[in-house]
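The structure appears right after this line, and notes come after that.
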Amino acid sequence: MAQATIDPAPLSIASLRGDPRRQRKEGLIKALFLGSAAMSIVISALIVLSLAGEAYTFVSQVEIAQLWTDGWFPRRGIYDIKTILIGSLLVTFVAMAVAAPIGMGAAVYLSEYARPGVRKVIKPILEVLAGIPSVVLGFFALTFIAPEVIQRINDGATTFNLAAAGIGVGILTIPLVASIAEDAMRSVPMALREASYGMGARKVTTAVRVVIPAAVSGLVAALIVAISRAIGETMVVFIAAGATGGSLFTTDIFRPGQTMTAAMASQAAGTDQVRGAGLTFQSLFFVGMLLFLITLVLNLFADRFVRRVRQRY
Amino acid sequence: MAATAPLPVTAELVRDRLQGRRLDVTGTLFRLLLLLALALSVIVLGVLLYDVVTGGLSVFTDRAGDFLTGTLGSQPANSGLAQGLKGTFYIGVFVVVLAFPIGIGAAVYLEEYAPRSRFTRFIDVNIRNLAGVPSVVYGILGLAIFVKAAGSLTGGRSLIAAGVTLAILVLPIVIITSAEAIRAVPNGIREAGFGVGATRWEVVRSHVLPYAAPGILTGTVLSLARALGEAAPLILVGAVTGFLGGANSYNPATLDDRFTALPIVIATWAGRPGPEWEANTSAAIVILLVVVLVANTAAIVLRNRYEKKR
């Protein structure tokens, strides 16, 4: 804006620094953004804090014998950890049996075989599948998967069963597996594929012997993230596995059972309040702590694997 | 393999090998298997939608208006979604008001301001771990902090507690997706801004954010959809699963009242026996899916369009 006729003011360091008001505003805004980012740490701290307090009360007051008996009946003071732990593992196992092959297969196809036009149609469909709320899958597991799939495989299966819930959870995690695995395979450099083709390898050989081994960390990460998600999935199991009050210890996936997550939800939903005899309320936090730690470890592992892919290529 | 007798080399054989005329059995099988996997995931979606829509059809043809305006009841024929819709609406408001600005702010800090320090790395890892924490655990957070500790402010098991809890639940997703969108802004745009003497905030406000807006919008809409479909944390926070008297006016003064939400209504009805409840549940699911999937699809289409443009 300087006009040639006006005498220029002598230039100093201060005038180069700019308007102090502008500077102050800049500092304020930076502090605001830093505050938003720091919020995530506050949230983490609050999560740990809110879990740890009551969980500690539970551990210090519960009779240890009640943690390893038979069945999960918090309202009667029976807190058998293995019932809900095995329940979670069974559901996760079934879910992975569904999601791993389907998700991985879809990922390999999308990354190695699909023409761009096909990809452009299929990817959004998978994303829509990823957006379906878990209550919907829970209802689907109960009203469709259980009678139409599970009870056809096994006549003796009950209406509510762990297998149907597991398949429901599996469907939920398919898009997750597919998208992480596809990302990993697409980040494998084209040169590796070209080298393989140059040696006369077929498409299938290239995919199986070159691309998949090169992307294996990412594929492992996809599986771990999916397992973590499956262990933490609540509503599908809550609706379709049918153990609202409590559950006996079971290793039969065709019977009703309880997982860690569903145990928490059904305890909170059971009566009007999250309350009960003795340590019922505290047991909720104890299970939450357990769940938090398990998924945290899994997520840290997955993160490390993802990083390995990124570093290499 | 070494012991096989050498094949007689003929011109035809060489030509076949070079042109790959042999039927590639393994390759074709592998390809078919992969296609099957892909087809299965698409078919599942189709079956699910078909099942739910046909299941809920009778409710819409018989009593569409009444179903949307009615309140929770003990009889399937006079139960409606009004209270669930109200809860879901306000949860969405909380997410938009709380999670969006804080999340985008955090993303701007991480991408534009943060020094490459240990502290920044720590925040980064922390956010990614928060994104992996199961939603029930956020429910515990809501129960301990917003229902119990801050109960006098939130009204205990209220919409406020639920809204804040879900805003916190999706915050990491908002941050991660926004940060990704901001990272994709070409550096030349920032440098051009700095070159004419703009401060960092001025560059962010007038160049980085507008350029990243479609990506940020996509991420935020996806996270909003996630929050609207979430049920587990609400159960822990104390959403009403049985009967809820009145309380379906949208007056914000009722935010500290007891509440329910669409996914909670679905979870509750899904547990009730009989075909009428099943039809009701299907119909409620159709409503929830319309809300969630319309948001999702819009976000995905929007992103794909902008990706193509650049």
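Counting Lys and Arg as +1 and Asp and Glu as -1 over every other residue whose Cβ lies under 12 Å from the Cβ of residue B:278, the net charge comes to -1.
With Cβ to Cβ distances under 12 Å as the rule, what net charge do the other residues near residue A:130 carry (K, R +1; D, E -1)? Neighbourhood net charge equals +2.
The local environment of residue B:134, defined by Cβ-Cβ distances under 15 Å, has a net charge of +1 under the rule Lys, Arg +1 and Asp, Glu -1. Here the 3J(HN,Hα) profile of the stretch A:46-56, calculated from phi with Karplus coefficients 6.51, -1.76 and 1.60 at θ = phi - 60°, is 5, 4, 4, 4, 5, 6, 5, x, 5, 4, 5 Hz, Gly and Pro shown as x. Just to be sure I understand: with springs between alpha-carbon atoms less than 10 Å apart, which residue in B:74, B:282, B:135 has the highest mean-square fluctuation in the Gaussian network model of chain B? Top of the fluctuation ranking is B:74.
Sorted ascending by nearby beta carbons within 10 Å, beginning with the fewest, B:86, A:120 become A:120, B:86.
Write down, largest first, the equivalent ellipsoid semi-axes of chain B in whole Å, where each equals the square root of 5 times an eigenvalue of the alpha-carbon gyration tensor.
Each semi-axis is the square root of five times an eigenvalue, giving 45, 35, 18 Å.
With all pairs of separate Cα atoms included, the protein assembly as shown yields a Kirkwood hydrodynamic radius of 26.5 Å. Adding -39500 (n - 2.57) for every DSSP H run of four residues or longer, then dividing by how many residues chain B holds, sets the calculated 222 nm ellipticity at -22500 deg cm²/dmol.
Values in this text are rule-based calculations from the coordinates and carry no lab data. A quick note: this is a predicted structure, and the numbers were derived from the prediction, not measured. For neighbour counting, all protein chains shown are included, and Cβ atoms are generated from backbone atoms with ideal geometry for every residue, glycine included.
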